[in-house]
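> Let me give you the structure first, and then I'll get to my questions.
The values are calculated or read from the model by the stated rules, or taken from the named source; none is laboratory data. From a predicted model like this one, the values you see are computed outputs, not experimental measurements. Heads up, the Cβs are rebuilt from the backbone with ideal geometry, glycines too, and the neighbour counts pull from every protein chain shown. These area figures cover heavy atoms from the full protein model, side chains too; ligands, DNA and RNA do not enter into them. Shrake-Rupley method; radii C 1.70, N 1.55, O 1.52, S 1.80 Å.
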Amino acid sequence: LVGSFIQTQKFSVQKALERRFRVFLTHGSDYHQLLMSLLGGLLHDVVRAARLTGNLVGDEYRIPLRSLEERAREHEISDLKSFLDSPLFVNSGYTLAPGGSYIMAQAV
């Protein structure tokens with residue numbers, strides 16, 4: 001309903017309304033897809049850093065959970081629990097390390 005109202009407005013008003021009502025326009029699954037994309041970017045950064053420093057040991061990498069939290073905050077997402085429990089996260093080969101401070105991932 002909010003989305004169709006916004007589409008009927010002029011372009012400049014549309015953009016302002018989209019920013020204002022972003023929370024109502026984005027669904028939970030969209031958040032999970034965004035977080036998965038952010039996590040993939042972090043994995044890419046970790047693998048690249050390991051290659052550059054010569055610390056390439058095996059094919060499992062640790063991504064600090066704090067890094068994902070910081071990237072999520074940039075997109076105004078504060079709750080990662082539902083994402084970390086989601087089938088999307090688990091089925092993508094990621095696991096939360098014991099203690100919960102790292103995400104373990106297999107490099108592709």
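> Tally time: how many residues in the range 67-108 are open to solvent by 60 Å² or more (accessible area, probe 1.4 Å), in contact with a strand residue (DSSP E or B) (Cβ under 6 Å, 6 or more places away or on another chain) and either aromatic (F, W, Y) or farther than 15 Å from M36 by Cβ (or both)?
Residues that pass the stated criteria total 1.
> Working carefully through the options R71, R66, find the one that is under 13 Å from G41 (Cα atoms) and among the basic types (K, R).
Working: R66 fails: under 13 Å from G41 (Cα atoms).
Unique residue meeting the criteria: R71.
> Is it the case, given these coordinates, that E60 is open to solvent by 90 Å² or more (accessible area, probe 1.4 Å), under 17 Å from Y31 (Cβ atoms), out of contact with any Leu (no Cβ under 9 Å at 6 or more places or on another chain) and in contact (Cβ under 8 Å) with a residue 12 or more places away in the chain?
Working: open to solvent by 90 Å² or more (accessible area, probe 1.4 Å): yes; under 17 Å from Y31 (Cβ atoms): no; out of contact with any Leu (no Cβ under 9 Å at 6 or more places or on another chain): yes; in contact (Cβ under 8 Å) with a residue 12 or more places away in the chain: yes.
No; evaluated as a whole, the condition is false for this residue.
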